[in-house]
Amino acid sequence: MNANWTRIFRTIEKKERLIIGLMSGTSLDGLDIALCRISGSGASTKVQVQDFKTVSYDNAFKAEVKSIFSKRDADLQMVCLMNEKIGLLHAEMILQAIAAWGVKSEDIDVIASHGQTIFHAPASLHQMPYYPNATLQIGDGDHIAVKTGIVTISDFRQKHIAAGGEGAPLAVYGDYLLFSEKGEDRVMLNIGGIANFTYLPGDNDAVKVFSTDVGPGNTLMDQFVQHHYKGLYFDENAAISSGGVVNDSLLKELMQNDFLSAGFPKTTGPELFNLKYLQAAQERSNTLNLGNEDVMATLCRFSSQIIVNAIKKCFGNTLSPSIYMSGGGMHNPLLVKQLKDGLPDAKFYTTEDLQINPDAKEAVLFAVLANETLMGTAIDFGNRTGVPSICMGKICLPF
């Protein structure tokens, strides 16, 4: 028998597994690395985050990724080269992180790698008959496995698509296992480049659980800052947007998109919500000469408003859900204030209140998905479009 499979079978037999979860989002801040000690599977899953860090990307690397990110006419050679380069870079970042933590490679059972999304093309967005949902994450898992010597599980989103989903969001699978709580209706709200949430009903009925994108979280604001403010990558502490005034005409035009009124679940990305989208809205609203601070104030309100609208669509005025935030947007004080003002009956927390660092949450969730690939069986979410009952990920062997 191949020695790799012997190693995997021994991992499956362990009471606890040491799994590294990786996440690199569309914001391109850096690579989130979460060292997780996981026991059990399914509803009995228990996770302890042993160590966590975000390794920042340098500006040259960000520029390389941006040259192929969310572009229909990307240089195919550069896509190939970056697929390998990102895998090697992530592997090196992992090795440096575990060395700093005093952990040996042979102590790690599995790496769970999300990869770097460079294009997301659900059928609802590309609208090309006879073509399926599609998505592409690069950062080859085999390169990570070979360089680190650790079994790597990667490419999670492809199984989701193959089974009838759109490839995103995947948070529903980990959120349900880690955060469901009898007697409390929960919304696990992640405000990354794209904002998404998972609804966890207080009766723990998996058939009622769903996860959905709602639209731009930080992506439009980040893109605008990077385009207009040299050397800045985001609006830290809402310093720019807090100095502006919301323009109602522009906000109204930003809200004019069929995606925003479509039912749940749904998925989107910067392929739709980008600076071209903003420019078109400004042209329709005659606001091309609007000051940068006012544009940023309006974009912040746009993000908060679509999140508020989506949660109200689910709950109306009948329930007061507990909202647990994660992602970079939770550090934007203006955005969070607007969410609280728009949802006065909701109770707001972060996943820190559930013993999971909110900045580590997505990396932790992929570690949980990898654990399910090895240990679990598909959760029965019922026969619903967009939430297939599956385990995900491809296994990459070190040798």
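The values are calculated or read from the model by the stated rules, or taken from the named source; none is laboratory data. If you're wondering where the values come from, they're calculated on a predicted model, not measured in any experiment. Cβ: placed from backbone, ideal geometry, glycine included. Neighbour counts: every protein chain shown. The protein model used for the area step is the full one, side chains on, heavy atoms only, and it has no ligands, DNA or RNA in it. Shrake-Rupley method; radii C 1.70, N 1.55, O 1.52, S 1.80 Å.
Per-atom-type breakdown for the chain gives carbon and sulfur 50% of the accessible area (1.4 Å probe, protein chains only). The residues of region 237-303 expose, per residue, 46 Å² of accessible area to a 1.4 Å probe.
Taking square-rooted eigenvalues a ≥ b ≥ c of the alpha carbon gyration tensor, is region 235-365 rounded, prolate or oblate, where a/c under 1.5 means rounded and, failing that, a/b exceeding b/c means prolate? It is prolate, given that a/c is not under 1.5 and a/b is the larger ratio. Each residue of region 113-125 is assigned a 3J(HN,Hα), and the resulting list reads 10, 6, x, 10, 5, 10, 7, 10, 9, x, 4, 5, 9 Hz, derived from the Karplus form 6.51 cos²θ - 1.76 cosθ + 1.60 (θ = phi - 60°), x at Gly and Pro.
Straight-line cross-link reach from Lys340 at under 17 Å between alpha-carbon atoms covers these lysines, not counting any fewer than eight positions away in the same chain: Lys312, Lys313. With 26 Å as the limit, the listed pairs Lys62/Lys252; Lys46/Lys394; Lys66/Lys347 have Lys62/Lys252; Lys66/Lys347 beyond it between alpha carbons.
Set Lys and Arg Cβ to +1 and Asp and Glu Cβ to -1, take the dipole of the chain about its Cα centre, and tell me which of Ser24, Leu250, Ser285 lies farthest positive. Positive-most Cα among the choices belongs to Ser24. For region 165-286, a crude dipole built from +1 on the beta carbon of Lys and Arg and -1 on the beta carbon of Asp and Glu, taken about the Cα centre, is about 240 debye to the nearest 20.
Among residues other than Ser322 with Cβ under 12 Å from its Cβ, the summed charge is -3 (Lys and Arg +1, Asp and Glu -1). Annotation: peptides 61-68, 301-308, ranked by per-residue average of other Cβ atoms within 10 Å with the highest first, follow the order 301-308, 61-68.
FRET efficiency for the Glu283 to Lys313 pair, using the beta carbon distance and R₀ = 25 Å, is estimated at 0.30.
Ignoring aspartates and glutamates fewer than eight residues from Lys266 along the same chain, the ones with Cα atoms less than 16 angstrom from its Cα are Glu166, Asp213, Asp258. Only the Cβ atoms of Lys and Arg (+1) and of Asp and Glu (-1) were treated as charged; on that basis the dipole of the chain about its Cα centre amounts to roughly 440 debye.
Once you reduce region 105-181 and region 309-358 to the center of their Cα atoms, the two points are 26 Å from each other. Rolled with a 1.4 Å probe across the full set of protein chains, the surface gives His126 an accessible area near 40 Å². (1) 79, 42, 38; (2) 82, 64, 41; (3) 68, 50, 46: which one is Cα extents along the principal axes in Å as calculated from this entry? Answer by label: (3). Need one number: nm distance between label points at His126 and Thr385, each 7 Å from Cα along Cα→Cβ, rounded to one decimal. About 1.8 nm, to one decimal. When only the Cβ of Lys, Arg, Asp and Glu is charged (+1, +1, -1, -1), the dipole of region 219-359 relative to its Cα centre reaches about 320 debye.
Computed from phi, the 3J(HN,Hα) profile of region 337-350 under the Karplus parametrisation 6.51, -1.76, 1.60 (θ = phi - 60°) reads 4, 5, 5, 5, 5, x, 10, x, 8, 7, 9, 9, 9, 10 Hz, with x in place of Gly and Pro.
Protein heavy-atom accessible surface, 1.4 Å probe, per residue over region 45-102: 56 Å².
Karplus-based coupling profile of region 291-306, in residue order and whole Hz: x, 4, 5, 5, 4, 5, 4, 6, 5, 5, 5, 4, 4, 5, 5, 5, with θ = phi - 60° in 6.51 cos²θ - 1.76 cosθ + 1.60 and x standing for Gly or Pro.
Of all aspartates and glutamates in the structure, those lying under 14 Å Cα to Cα from Lys182, and not within fewer than 8 positions of it along the same chain, are Asp203, Asp205. According to the square roots a ≥ b ≥ c of the eigenvalues of the Cα gyration tensor, what is the shape class of region 336-399, taking rounded for a/c under 1.5, prolate for a/b larger than b/c otherwise, and oblate for the remainder? Verdict is oblate for region 336-399.
With contacts taken as Cα pairs under 8 Å at a separation of at least 6 residues, the chain carries a relative contact order of 21 percent. Once the Cα-Cα distance is subtracted from the 0.36 nm per residue extended length, the Ser249 to Lys208 segment shows a gain of 11.0 nm. Looking at the square roots a ≥ b ≥ c of the eigenvalues of the Cα gyration tensor of region 137-185, which shape do they give, rounded for a/c under 1.5, prolate if a/b is larger than b/c, or oblate? Cα axes put region 137-185 in the oblate bin.
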